[in-house]
Amino acid sequence: MPFDFDTVIDRAASDSRKWRKYAGRDVLPLWIADMDFAAPPAVTAALRARVDCGIFGYGDLTEKLVESFRDYCRRRYRWEVKPEWLFWLPGLVCGLNVTARAYGTPGEEIISCTPIYQHFREAAVNQGQTHKPVPFVRHGARWEIDFDALERTVTSRTRQLTFCSPHNPLGRAFSRAELERVAALCLRHNLILTSDDIHCDLVLDDTPHVPFATLAPEIAARTVTLMAPSKTYNIPGLGCSVAIIPDPELRKRYDRAAAGIVPDVNLLGLVAGEAAWRHGEPWRQALLAYLRGNRDLLQDFVAHELPGVSMTPVEATYLAWLDVSALQLEAPQKFFEQHGVGLLEGAIYGAPRGHFVRLNFGCRRATLAEALARMKRAVAAR
Ligand SMILES: Cc1ncc(COP(=O)(O)O)c(C=O)c1O
């Protein structure tokens, strides 16, 4: 069945946070990480059928839902996940905060490689812990983990390493060898490894996604994996996600940290998640092909038409990390907004202010092309 990612859907008049930010202004919003595409038809059909029941009492986790997720892990990652390992969450920001609370106390430390999705840092700070950033280093066309710096950053107060795989905002899909080195470091220093794999089904090239917990039993025993159908199937507003915790002791601590403050997943989120995992694959394949086209257009344009802007190849996600340092702008987000394109300032993710912006290319190709044309005019007019 062909899927159409080019249809114009007017989100400006909707409840979309992405579009309402620039309401009344001619600014194309390429900022927050949702896509301008309708969810897979199978997801919408499942939601419609559920809404037609007309009764919305407290929901429960059905065997069908749990099986759809286990089946997906088996199919995609050859990962045999047990039902009791799963802790369902209304969102992964919530998941990151529960993780910080579960495995550390105020004054202790959490390490992440930066730049990184801002809630990694905020989760540590919210729990009175110190977030210690370890910057990625750029080697040619690739951002790499600085293993020596990671090693040097661990102290006797470090309890956790939180990792984003694939990576927001760098768009990296990490190789098995890289993940093994990260896991080995956690083993050596007795750190709990929390891996946010929310973008794992958006790998654009050939690197297969490997959940850390599948590397070895001793890694699984110290790992919390966070997953969700939200980014891949464009249903983040439905808030369905899950923490996978194979170790019973870590699970107990997670349960305790979440007790009374983490609500159930909205039942429509559960319906959508089940339908996505069960029936979403043909749509996902079509999406990946479309995103690859957008990514190629963007990379080519940046290389040839945007002097002063550079980027590394996007291996996964629909997010691009643009180096604009050569433009010497004090406030690049504001600069591009003034020229009709809504991006996000890289400092949000821990990068030096003014050096980077993040661009979301999960939009119609025509929208991306128009945004790039505006950016070209902006750079030329500078
Ligand atoms: C790495 C990562 N984790 C979590 C989230 C947000 O998750 P949720 O909407 O489930 O809270 C995002 C959204 O962009 C993300 O990129």
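Note on the stretch 160-209: percent of Cα-Cα distances in each 5 Å bin, starting at 0 and stopping at the bin with the largest distance, equals 5, 21, 29, 24, 14, 6, 1.
Residues whose amide H lies under 5 Å from that of residue 138, counting only those 5 or more places away or on a different chain, are 144; hydrogens are built 1.01 Å from N in the peptide plane.
Using the Kirkwood radius built from alpha carbon pairs, what does the Stokes-Einstein equation give as D for the stretch 237-336 at 10 °C and 1.306 mPa s, in µm² per second? My calculation gives 88 µm²/s for D.
Any idea what the alpha-carbon Rg over 2.2 N^0.38 Å comes to for the chain?
0.97
Once the Cα-Cα distance is subtracted from the 0.36 nm per residue extended length, the residue 157 to residue 15 segment shows a gain of 46.8 nm.
Basic side chains Lys and Arg get +1 at the Cβ, acidic Asp and Glu get -1 at the Cβ, and with that the dipole of the stretch 262-382 about its Cα centre reaches some 300 debye.
Relative to its residue count, the stretch 132-190 spans a Cα convex hull of 85 Å³ per residue.
Scanning residues 5 or more positions from residue 163 or on other chains, those with amide H under 5 Å from its amide H are 194, 195, 196, with H placed 1.01 Å from N in the peptide plane.
Only one residue of 317, 149, 329 has its Cα farthest out toward the positive end of the dipole of the chain, where Lys and Arg carry +1 and Asp and Glu -1 on Cβ, and that residue is 329. Convex hull volume of the C-alpha atoms in the stretch 115-163, normalised per residue: 70 Å³.
Each Lys and Arg Cβ is given +1 and each Asp and Glu Cβ -1; about its Cα centre, the chain then shows a dipole of about 460 debye. Measuring between alpha carbons in the structure, the pairs from 18/231; 21/231; 132/252 lying more than 22 angstrom apart are 132/252.
What 222 nm value per residue comes from the helices of the chain, counting each DSSP H run with n ≥ 4 as -39,500 (n - 2.57) and dividing by all residues, nearest 500 deg cm²/dmol?
That comes out to -12000 deg cm²/dmol.
In this rough spin-label picture, where each label sits 7 Å from Cα along the Cβ direction, the residue 177-residue 25 distance is 4.6 nm.
All of the numbers you see were taken from the coordinates with simple rules; none came from a lab. Keep in mind that this is a model prediction, so the values were computed, not measured. All Cβ positions, even for glycine, are placed from backbone atoms using ideal geometry, and neighbour counts span all protein chains on display.
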